[in-house]
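The values are calculated or read from the model by the stated rules, or taken from the named source; none is laboratory data. Bear in mind the structure is a predicted one, so any value in this text is a computation, not a measurement. As a convention, Cβ positions derive from the backbone with ideal geometry for all residues, glycine included, and neighbour counts pool all protein chains shown. We work out accessible area using only protein heavy atoms, side chains counted, and drop any ligands, DNA or RNA first. Shrake-Rupley method; radii C 1.70, N 1.55, O 1.52, S 1.80 Å.
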Amino acid sequence: MRRKSALRTQSGVEETDVIVIGAGILGLFHAYFAARRGYRTLLLERDSFPDGASARNFGMILQSIVPPEGEWATYAQASRQIYLAIQRERPLALRPCGSLYVATTELEQQVLMEYAAIAAKSGGAEAHYLEQEEVRLRYPFLQRERVRAALLFPLDLAAEPRLLLRQLLAYVEKQGPVTYYPRRPVVALEPSRQGCLVYVATGERFYARHVFVCSGAEYRLLLPEQLARSGLRLCKLQMLQTVIQPGVLLPHLLLSGLSLRRYAGFLSCPTRPLLMQEPLEPDLQHYGIHLLCRQTEEGSVVLGDSHEYLLLEGADQEGPRPEESRWSINEAILRCARSMLSLPRWEIERLWNGYYLQHPEREIYVETLDGAIHIVTGIGGKGMSTGPGFAQAHIAATLP
């Protein structure tokens, strides 16, 4: 039987079973699944609304972002089912529109063919290979002379990230049930009595047996020395959004062949090592640009993205400044988009950066300190696609 979500106060300290720090996708679903298992759960968020990668991401929930088999494929499949299960109970800013990878070179085409064959044998993500003429007939918004083939993942989801996050927060707070406190920046953690004291900048103190630190790209405020030693890197992404286009142009999420170089889903394709040797325009190579396109509900088109990496140790002194944007990167993204897409309007209305932590050797950075503090971060760019499923499994493995 589920216990009550209310906190109890002793000696000026509010006590509960589980505290989750950070209300992005990872933190939100850690709180949700802890509460569903019967633990009184408190979710703390430093801002009035989460403004990290969960709010600034591209709005793509993809099965192909991870290998078609293995634990991360399981997390991706579980995440999709979790989203859809919630959507059956209440409206969510999600659309099951599928994603389309477009090959513009012979090697990209070969990789798509290989993935389709692997997926068919493994029973993993559903994928349909489309020949050149079919692609040209079905998708007139593509630059006809550039298209060689495409791969359609019909089960992928498009999201409006900020609205989706608000909807999920409301759902988790009510259905979890989870006690949610925004505007509570956590400034210190103190292991104590088989648990942990949590100090908030407001002067409040909380205590729980388990504390999950899901603070996203924030590495300066909480556990800075631990994170600096972790090997984690800060990744900065740049994204653009056009003005509203006349009519619906993009029925699917759209990805270029450049994404085959970045996403782990294509690692098992025999031709991928050859593709990685194919020369690229210097800016595309240097800034890790791979073209992504999504048409929003209102009709504008989101374009991106890029990848610049900074080591946490010394990030303030060396390399590109995280808060700055490079117009040369935006220009490279637009050149790439124009070479593949034919849009009626190319005026740019909005620009923004996204940030996440990523480990060069780990799929996610998980560490437990003093038996009570569980650091969960560094899921990289696959948080929206795999975060709910990972959180479900991690809570089940961590909480008795």
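For residue 188 and residue 143 in one chain, what is 0.36 nm times their gap in residues minus the Cα-Cα distance, to one decimal in nm? Working shown, then result.
Numbers: separation 45, 0.36 × 45 = 16.20 nm, distance 5.36 nm.
Contour length minus the Cα-Cα distance gives 10.8 nm.
Compute a Gaussian network model of the chain, connecting alpha carbons closer than 10 Å, and tell me which residue from 25, 86, 65 fluctuates the most. Residue with maximal mean-square fluctuation among 25, 86, 65: 86.
Under a model in which nothing but the beta-carbon of Lys, Arg (+1) and Asp, Glu (-1) is charged, the chain shows a dipole of about 1200 debye around its Cα centre. Distance between the modelled labels on residue 369 and residue 309, one decimal in nanometres: 2.4 nm (7 Å Cα→Cβ projection).
Once the C-beta distance of residue 69 and residue 133 is scaled by a Förster radius of 30 Å, the resulting FRET efficiency is 0.40 to the nearest 0.05. Grab the DSSP H runs of the chain that are 4 residues or longer, score each as -39,500 (n - 2.57), total them, divide by all residues and round the 222 nm result to the nearest 500 deg cm²/dmol. For the chain, the value works out to -9500 deg cm²/dmol. With Cα extents along the principal axes in Å defined as stated, name the option among [x] 102, 52, 48; [y] 72, 48, 41; [z] 52, 50, 33 computed from the structure displayed. The listed entry that was calculated here is [y].
With a Förster radius of 30 Å applied to the C-beta separation of residue 393 and residue 342, the computed FRET efficiency comes to 0.10.
If you run the Gaussian network model on the chain, springs between alpha carbon atoms under 10 Å, then out of 115, 181, 39 the most flexible one is 181. In sequence order, the stretch 346-361 has phi-based couplings of 10, 5, 9, 9, 9, 10, 7, 10, x, 9, 8, 9, 8, 9, x, 10 Hz under the Karplus curve 6.51 cos²θ - 1.76 cosθ + 1.60, θ = phi - 60°, and Gly or Pro positions carry x. Straight-distance candidates among the aspartates and glutamates for linking to residue 174, with alpha-carbon spacing under 17 Å and chain neighbours fewer than 8 residues away dropped: 45, 89. Backbone phi angles across the stretch 216-224, fed through the Karplus curve with coefficients 6.51, -1.76 and 1.60 (θ = phi - 60°), yield HN-Hα couplings of x, 7, 6, 10, 8, 8, 10, 6, x Hz in residue order; Gly and Pro are listed as x. In the stretch 40-182, inverting the average of 1/r over every pair of distinct C-alpha atoms gives 17.3 Å as the Kirkwood radius.
Contact order for the chain, expressed relative to its length and based on alpha carbon pairs under 8 Å spaced 6+ residues apart, stands at 26 percent. Here the label points at residue 331 and residue 243, each 7 Å from Cα along the C-beta direction, are separated by 2.3 nm in the simple model. Which whole-number percentage describes the relative contact order of the stretch 225-344, with Cα contacts under 8 Å and a sequence gap of 6 or more? Reported relative contact order: 38 percent. Roughly how many percent of the accessible protein surface of the chain is carbon and sulfur, given a 1.4 Å probe and a whole-percent answer? C and S fraction of accessible area: 50 percent. In summary, the aspartates and glutamates within cross-link reach of residue 236, defined as a Cα separation below 12 angstrom excluding same-chain residues under 8 places away, comprise 305, 308, 323, 324. Taking every protein chain into account, the 1.4 Å probe leaves residue 156 with about 0 Å² of accessible area, to the nearest ten.
Set the Förster radius R0 to 22 Å, insert the Cβ-Cβ distance between residue 204 and residue 11 as r into 1/(1 + (r/R0)^6), and round the FRET efficiency to 0.05.
Values: r = 13 Å, r/R0 = 0.60.
Rounded to the nearest 0.05, the efficiency is 0.95.
Looking at the chain, the DSSP beta bridges with both ends there are about 75 percent antiparallel.
With θ taken as phi - 60° and the Karplus curve 6.51 cos²θ - 1.76 cosθ + 1.60 applied, the whole-hertz 3J(HN,Hα) list for the stretch 163-178 is 5, 4, 5, 4, 5, 5, 4, 4, 5, 5, 4, 7, 8, x, x, 10 Hz, x standing for glycine and proline.
Within the same chain, aspartates and glutamates fewer than 8 places from residue 121 are excluded, and of the rest, those with a Cα less than 12 Å from its Cα are 69. In this structure, the amide hydrogen of residue 197, modeled 1.01 Å from its nitrogen in the peptide plane, lies closer than 5 angstrom to those of 190, 192, counting only residues at least 5 positions away or on a different chain.
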